[in-house]
Amino acid sequence: MPTSWADSTAASENAAPLPSVKTSRVAHPSRSNYVPPHLRNHQHQPSADPPVTAYAAPGVVTDRGILNGPRGGPRIGGGGYIQHASIGGNYNSHGPGREAWNGRNGGWNRSRDREANPFENVDSDQVTEQENGGINFDAYEDIPVDATGSNVPPPVSTFAEIDLGEALNANIQRCKYVKPTPVQRYAIPISLAGRDLMACAQTGSGKTAAFCFPIISGIMQGQHVQRPRGPRVAIPLALILSPTRELSVQIHEEAKKFSYQTGVRVVVAYGGSPINQQLRELERGVDILVATPGRLVDLLERARVSLELIRYLALDEADRMLDMGFEPQIRKIVEQMGMPPPGVRQTMLFSATFPKEIQRLASDFLSNYIFLTVGRVGSSTDLIVQRVEFVHEADKRSHLMDLLHAQRENGSHGKQALTLVFVETKKGADALENWLYMNGFPATSIHGDRSQQEREQALRSFKSGRTPILVATDVAARGLDIPHVGHVINFDLPNDIDDYVHRIGRTGRAGKTGLATAFFNENNSSLARSLSELMQESNQEVPAWLMHYASRSYGGGKNRRSGGGNRFGGRDFRREGSFNRNAGYSGRGYNNHTYGGYPSGYAAYGAGPSYAMYGAGPGYPAYGAGVASAWD
Ligand SMILES: Nc1ncnc2c1ncn2[C@@H]1O[C@H](COP(=O)(O)OP(=O)(O)OP(=O)(O)O)[C@@H](O)[C@H]1O
């Protein structure tokens with residue numbers, strides 16, 4: 001377990017063993033005040049978020065109100081964030097061509113629109129934290145990095161080494177990003193060189209900026225074709241797709257920060273919220289469209305968006321996007337709606353997990369791409385302390401209660417430390433939220449049966465700390481970057497180990513430490529092997545009983561880790577002899593660069609022998625051509 005990157009404040013909430021449990025239970029709230037979940041949404045007035053409520057406040061708080069609190073307490077309603085809109089200053093134009101296409105075409109009508117300053121809303125705790133140290137990059141120095149493909153552009157060590165444009169650099173500073181994270185160091189130069197990319201890097205390691213920066217910079221500096229001015233058709237230059245609405249909202253917020261005063265306009269479109277509002281935003285011009293697939297297909301079918309000038313396509317959580325549920329929609333968007341083909345557009349796929357079969361599907365969307373892994377593919381970060389406890393189904397609730405009481409008594413659930421509890425089903429989420437409430441724990445929930453308004457409200461309430469427990473289905477498993485999540489509890493374990501990786505990745509982000517607890521029982525036997533492998537790879541203590549289960553289990557069809565072994569290296573599926581789609585992928589010119597713990601100065605590039613190994617870090621053996629990956 002390495003030292004924490006950043007999070008000295010979280011020291012109390014991570015590695016220390018959970019203390020002895022429960023003493024007293026909180027008195028049940030008065031039933032007369034109890035409002036069941038399905039009715040809670042209808043009785044509140046919009047208001048701004050009140051101050052964070054102490055965890056054991058006398059009133060039990062849900063995301064929609066204090067249910068048994070004192071009279072006159074803060075009312076909680078469905079209102080949005082308070083917007084402190086201010087006027088954006090000059091729109092800097094960078095590089096030739098920017099004015100040419102923006103002023104007259106599909107771009108932003110600057111004279112009419114004033115750009116709100118997205119940095120004015122940044123929560124002050126976050127800023128202070130970042131100013132006080134941000135990421136401890138020392139923890140990254142020996143992270144193994146592997147890049148396969150032809151002529152891999154060299155990485156950078158600082159943002160200053162790359163020409164991202166003055167306005168974007170100013171925003172990077174406003175974000176307090178002092179230097180690029182490892183995935184950014186490699187991915188940004190690759191993308192700026194115009195190359196397609198499939199990138200796999202650990203949760204919370206800064207992938208959003210890794211694909212946003214090159215897109216924004218490219219649009220700022222690019223000579224783009226003039227966009228015809230259709231009456232009502234939006235013609236973006238870049239499309240960023242993500243699997244969930246909340247993640248699209250988050251990417252949009254991030255991208256707006258990065259593109260502040262660059263002249264690049266970012267719009268978001270996602271399901272469950274009024275389409276008319278989104279259409280109005282689109283009509284005002286769009287350079288980068290962030291969207292969920294379903295809503296985008298709707299907009300395309302209404303002919304309100306055209307993809308014919310897409311220059312950049314990014315798929316966040318790309319493996320999820322190409323997994324069974326989404327693949328047909330993604331294929332439709334990418335292959336059948338007029339988007340320029342691979343090689344004409346630039347395509348970037350990012351995730352923390354990339355199963356081999358998904359890589360194969362994804363390669364249809366890419367041209368001569370580079371496969372980049374930063375850290376071990378599909379691994380969790382070592383900064384998350386993982387515990388697995390054997391808990392029978394019938395004992396789960398009381399065990400959860402014990403954990404929460406212990407947290408409370410230890411003061412590790414302070415003002416901002418949040419707990420995310422994953423369950424398998426939507427009904428299960430409602431039931432557990434309810435039960436927590438009945439036991440005096442302020443909780444809210446997020447799942448697919450709640451309205452979008454309720455989902456967003458729940459997330460706000462959780463982020464603000466007003467309801468510091470969020471019960472969630474997998475809808476919250478991927479991508480969400482919620483500061484101060486100190487503990488992720490897998491009340492129900494997922495069936496797929498990759499889902500586990502994403503779930504626990506909601507803590508231990510951006511260099512901070514975190515704690516993940518899983519309740520395991522016979523029903524999870526098929527996960528035992530992949531879970532124990534994952535834990536071993538992340539230097540976690542694996543209980544003997546789990547090893548025992550693992551030795552009896554053959555892995556499930558969905559547990560792609562089955563096979564064991566150290567999986568670093570050899571995971572670009574093109575390395576396997578069977579892949580024959582494009583002769584260029586094998587043999588000459590297809591090189592492998594492994595940078596095991598090299599902080600800078602990557603000497604060898606280009607025409608080395610195929611699968612050459614550069615600076616392999618200790619413990620990360622090189623896999624040559626034809627060596628099977630651990631997924632086999
Ligand atoms: N260069 C940087 N310096 C400091 N902080 C950074 C830097 N890059 C990103 N961050 C911060 O790190 C956090 C995690 O970033 P991000 O959400 O992009 O992670 P991710 O890799 O996409 O995670 P996930 O796999 O869960 O989607 C964010 O709060 C982001 O602001």
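The values are calculated or read from the model by the stated rules, or taken from the named source; none is laboratory data. No experiment lies behind these values; they were computed from the predicted model shown. Because the Cβ atoms are built from the backbone with ideal geometry, glycine has one as well, and the counts that use them run over all protein chains shown.
If you go through segment 284-298 one residue at a time, how many are buried (at least 16 other Cβ atoms within 10 Å of the Cβ) and free of Cβ contacts under 8 Å to residues at least 60 places away in the same chain? Final tally of qualifying residues: 9. The number of residues in segment 192-202 being more than 14 Å from I143 (Cα to Cα) and near the ligand (Cβ under 10 Å from one of its atoms) comes to 1. Entry remark, segment 510-532: residues being assigned to a helix (DSSP H, G or I) and either surrounded by 24 or more Cβ atoms within 10 Å (Cβ to Cβ) or touching a residue at least 24 places away in the same chain (Cβ under 8 Å) (or both) number 9 in total. Would you check if T425 is under 20 Å from the mean Cα position of the chain (by Cα), among the polar types (S, T, N, Q) and under 30 Å from V542 (Cβ atoms)? No, not satisfied.
Okay, residues lined up against (1) among the β-branched types (V, I, T); (2) at pLDDT below 95; (3) buried (at least 20 other Cβ atoms within 10 Å of the Cβ):
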{"position": "G165", "(1), (2), (3)": "no, yes, yes"}
{"position": "L168", "(1), (2), (3)": "no, no, yes"}
{"position": "K179", "(1), (2), (3)": "no, yes, no"}
{"position": "I188", "(1), (2), (3)": "yes, no, yes"}
{"position": "R195", "(1), (2), (3)": "no, no, yes"}
{"position": "M198", "(1), (2), (3)": "no, no, yes"}
{"position": "K207", "(1), (2), (3)": "no, no, yes"}
{"position": "A210", "(1), (2), (3)": "no, no, yes"}
{"position": "S217", "(1), (2), (3)": "no, no, yes"}
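Selection over segment 207-217 of residues that are more than 13 Å from E317 (Cα to Cα) and near the ligand (Cβ under 7 Å from one of its atoms) gives a count of 1. Of everything in segment 232-253 that is more than 18 Å from S351 (Cα to Cα) and assigned to a strand (DSSP E or B), the residue that is nearest to the ligand (Cβ to nearest atom) is A238. Restricting the first member to segment 306-323 and to residues that are more than 17 Å from A269 (Cα to Cα) and touching a residue at least 24 places away in the same chain (Cβ under 8 Å), and the second to residues that are of a type in the set (A, V, I, L, M) and within 13 Å of the ligand (Cβ to nearest atom), the beta-carbon pairs closer than 6 Å and six or more apart or on different chains are A318/L349.
Taking residues in segment 268-283 that are free of Cβ contacts under 8 Å to residues at least 24 places away in the same chain, and partners anywhere that are crowded, with 22+ Cβ neighbours inside 10 Å, the pairs with Cβ atoms closer than 6 Å and at least 6 places apart or on different chains are V268/S248; V268/V290; Q278/A269; E281/V267. For the residues S157, S150, the requirement of being surrounded by fewer than 22 Cβ atoms within 10 Å (Cβ to Cβ), within 21 Å of A510 (Cα to Cα) and more than 10 Å from the ligand (Cβ to nearest atom) singles out S157. Scanning segment 318-362 for residues that are of a type outside the set (A, V, I, L, M, F, W, C), within 27 Å of I497 (Cβ to Cβ) and out of contact with any helix residue (DSSP H, G or I) (no Cβ under 9 Å at 6 or more places or on another chain) returns G325, P328.
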